[in-house]
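Below: one structure, written as structure tokens.
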Amino acid sequence: MRIAFFSTQSYDRTYFSQFNNGHELVFFDAQLNEQTVELARDFQAICAFVNDKLTAPVINQLAAQGTRIIAMRCAGYNNVDLAAAQANQVAVVRVPAYSPYAVAEHAVAMILTLNRKTHKAYNRVREGNFSLERLTGFDLHGKTVGVIGTGQIGQVFARIMLGFGCRVLAFDVIANRDLEAAGVEYLPLIKLLPECDIISLHCPLNDQTKHIINDQTLGMMKPGVMLINTSRGGLVDTRAGIEALKSGQLGYLGIDVYEQEEKLFFHNRSEEIIEDEVIMRLMSFPNVLVTAHQGFFTDEALTQIAQTTIQSINDFEAGRPLIYKIG
Ligand code: NAI
């Protein structure tokens with residue numbers, strides 16, 4: 001099949017070329033939207049990423065131009081108009097799960113960095129500054145860690161923190177019995193928040209969880225708490241987070257996702273004037289660590305994303321059932 005890739009980065013080219021088995025792959029740097037959809041003319045398959053805009057007009061035009069399958073190379077599909085895809089008989093597939101270890105381990109990396117300040121130590125030593133002043137951290141052993149959302153990623157994260165000798169508390173709409181057996185205690189959110197030294201978010205973004213971290217919930221936390229968000233930016237009311245950082249209620253903040261990330265992440269903006277004053281304010285705090293949605297970014301996860309996507313397209317071409325079809 002001819003497959004058009006949108007929002008392509010160098011690593012997409014590398015991994016998809018490696019696992020391709022006979023398809024014609026054409027990589028476009030452009031985001032897929034109403035202005036760029038013409039590029040996909042005569043491609044039976046298109047492969048898109050989180051911020052591509054698969055609106056009804058885009059899907060209508062794709063279908064008219066010959067596209068029969070949309071393969072999302074990610075788990076989320078909130079930018080895909082599924083009704084339009086169905087109306088045009090265009091199949092939509094995704095990669096629902098890829099290495100939960102990648103994201104869980106990145107959350108742990110953020111905790112260790114914020115705590116032991118290795119990012120600062122690295123720069124200091126390279127400049128010949130061997131002082132330890134203001135690099136004091138704390139033992140993770142014996143601390144209480146709260147996990148909000150104990151699905152695939154949250155449970156891996158909880159087990160890693162148990163391994164550090166932490167007391168692990170969890171909040172989820174469904175308790176995981178295996179985790180309870182391993183020593184994790186489930187509590188209602190309002191009981192969990194005041195107990196924790198570290199809180200890590202691993203639930204999806206939906207109507208119930210939007211701004212789950214807000215003025216009120218931040219106020220229930222232990223003063224000086226560490227908050228980690230590797231899940232979705234919209235879980236945290238960023239304005240409330242900034243106020244809590246200013247007052248010291250929030251002692252550390254590590255985010256791999258950000259409410260307005262769409263305009264910033266995945267591109268080199270180092271030569272541009274960044275107009276987003278909220279992210280600039282966040283980055284001005286010495287106790288804030290921001291990474292640009294790289295939780296998923298491991299060799300294993302990229303391999304799984306490429307293999308699953310190619311497999312779905314192979315299945316579609318061969319008329320086999322699509323395991324990862326959406327809608
Ligand atoms: P999952 O679906 O396996 O687990 C989500 C868990 O959250 C489930 O146990 C569910 O019951 C729970 N949950 C749902 N609604 C809740 C609520 N209102 N309150 C508390 N818990 C609730 O998802 P998985 O694979 O563990 O992924 C979690 C999130 O991680 C994803 O939704 C995504 O936003 C994020 N993610 C981030 C990546 C990154 O690169 N930073 C990459 C992949 C996923």
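Only the coordinates and a few stated rules stand behind these numbers; no lab work does. Small disclaimer: the values here were computed from a predicted structure and weren't measured. FYI the Cβ positions are ideal-geometry reconstructions off the backbone, even for glycines, and counts take in every protein chain you see.
Here are some notes:
- Residue in region 264-278 that is outside any loop (DSSP other than H, G, I, E, B), within 15 Å of the ligand (Cβ to nearest atom) and not hydroxyl-bearing (Ser, Thr, Tyr) present: no
- Any hit, region 166-176, residues being under 25 Å from Lys210 (Cα atoms) and among the charged types (D, E, K, R): yes
- Within region 129-153, the residues that satisfy the criterion of being touching a strand residue (DSSP E or B) at 6+ places or on another chain (Cβ under 6 Å) and either among the acidic types (Asp, Glu) or within 13 Å of the ligand (Cβ to nearest atom) (or both) are Gly146, Val147, Ile148, Thr150.
- Residues considered: Leu62, Leu25, Leu39. Of these, the only one that is more than 21 Å from the chain's Cα centre (by Cα), outside any loop (DSSP other than H, G, I, E, B), farther than 30 Å from Ile148 by Cα and without any contact (Cβ under 8 Å) to a residue 24 or more places away in the chain is Leu25.
- Among the residues here, Asp197 does not qualify as in contact (Cβ under 8 Å) with a residue 12 or more places away in the chain and either within 15 Å of the ligand (Cβ to nearest atom) or in contact with a helix residue (DSSP H, G or I) (Cβ under 6 Å, 6 or more places away or on another chain) (or both).
- Number of positions in region 42-59 that are assigned to a loop (DSSP other than H, G, I, E, B) and either farther than 14 Å from Phe5 by Cα or within 16 Å of the ligand (Cβ to nearest atom) (or both): 4
- Here Leu245 meets each of (1) free of Cβ contacts under 8 Å to residues at least 60 places away in the same chain; (2) buried (at least 21 other Cβ atoms within 10 Å of the Cβ); (3) within 9 Å of the ligand (Cβ to nearest atom) with one exception, condition (3).
- Counting only residues that are surrounded by 19 or more Cβ atoms within 10 Å (Cβ to Cβ), aliphatic (A, V, I, L, M) and either in contact with a strand residue (DSSP E or B) (Cβ under 8 Å, 6 or more places away or on another chain) or under 30 Å from Phe316 (Cβ atoms) (or both), region 92-128 holds 9 of them.
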